[in-house]
Amino acid sequence: MRILLADDEPRVRSAIRLLIDQHYEGNVVEEVSSTQELAEHIGNYCPDLLLLDWELLGAIPEELLTSIHTRCPDIFTIVLDSESQTRQSALEAGANEFVGKNEPPESLLAAIKSSRNSNKK
């Protein structure tokens, strides 16, 4: 599984990458820190999984998620955010899963496992 990690905070990206490498070695193929980089990398290849910081999307997350899913229809998107009330908005905007940044690491691992199961279908 190819994973694209999009978050503007280097420490968050490092922590998530370390967690994923411990459980799914070698699957993070790229890290980006802006919507511009995200658009470029989505345009170059379609990863199987996108771990996406909600705040990175800015003012119009619905349009950006729609654009991502148009370019990569089979991409599984897990939105990450520190505000749990964002969950509903993220799911309505087209995210497959939502994980709060304040949740235990097992929550993110469970969401990744869900994406792996989804991609096998």
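In plain terms, the residue of Leu38, Leu18, Leu4, Leu109 with the fewest other Cβ atoms within 10 Å comes first and the most crowded comes last, giving Leu18, Leu109, Leu38, Leu4.
Taking R0 as 35 Å, what FRET efficiency do you get between Ile60 and Glu106 from their Cβ-Cβ distance, rounded to the nearest 0.05? Working from the Cβ atoms, E equals 0.65.
When Rg/Rh (Cα atoms, Kirkwood Rh) is computed from the coordinates, the matching label among (1) 0.94; (2) 0.96; (3) 0.91 is (3). Membrane-span-like helices in the chain, defined purely by DSSP H runs whose alpha carbon atoms cover 27 Å or more axially and whose average Kyte-Doolittle hydropathy reaches 0.0, do not occur. Think of the stretch 2-121 as a dipole: +1 on every Lys or Arg Cβ, -1 on every Asp or Glu Cβ, centred on the Cα centre; then among His41, Trp54, Pro10, His41 lies furthest on the positive end. Label-to-label distance for Asp74 and Glu37 is 2.7 nm, based on points extended 7 Å past Cα in the beta-carbon direction. Build a GNM of the chain with springs between Cα atoms under 10 Å apart, and of Val32, Val12, Val79 the one that fluctuates most is Val12. The modelled label-to-label distance between Glu83 and Asn44, using points 7 Å beyond Cα along the C-beta direction, is 3.2 nm. Normalised by the number of residues in the stretch 3-96, the mean separation of alpha-carbon contacts (under 8 Å, six or more apart) gives a relative contact order of 29 percent.
Secondary-structure-derived ellipticity at 222 nm for the chain, considering helices only, amounts to -14500 deg cm²/dmol, per-run term -39500 (n - 2.57) for DSSP H runs with n ≥ 4. With the charge dipole of the chain set up from +1 on Lys and Arg Cβ and -1 on Asp and Glu Cβ about the Cα centre, the Cα lying farthest toward the positive end among the listed residues Met1, Thr70, Ser84 is that of Met1. Charge dipole (Cα centre; +1 on Lys/Arg Cβ, -1 on Asp/Glu Cβ; no other charges) of the chain amounts to roughly 500 debye.
Loop-located chymotrypsin sites (Phe, Trp or Tyr not before Pro) in the stretch 1-61 (DSSP state not H, G, I, E or B) with no more than 13 neighbouring Cβ atoms inside 10 Å: Tyr45. Counting beta carbons within 10 Å around each of Asp48, Asp21 and listing the fewest first gives the order Asp21, Asp48.
All of the numbers you see were taken from the coordinates with simple rules; none came from a lab. Since we're looking at a predicted model, the values are computed, not measured. FYI the Cβ positions are ideal-geometry reconstructions off the backbone, even for glycines, and counts take in every protein chain you see.
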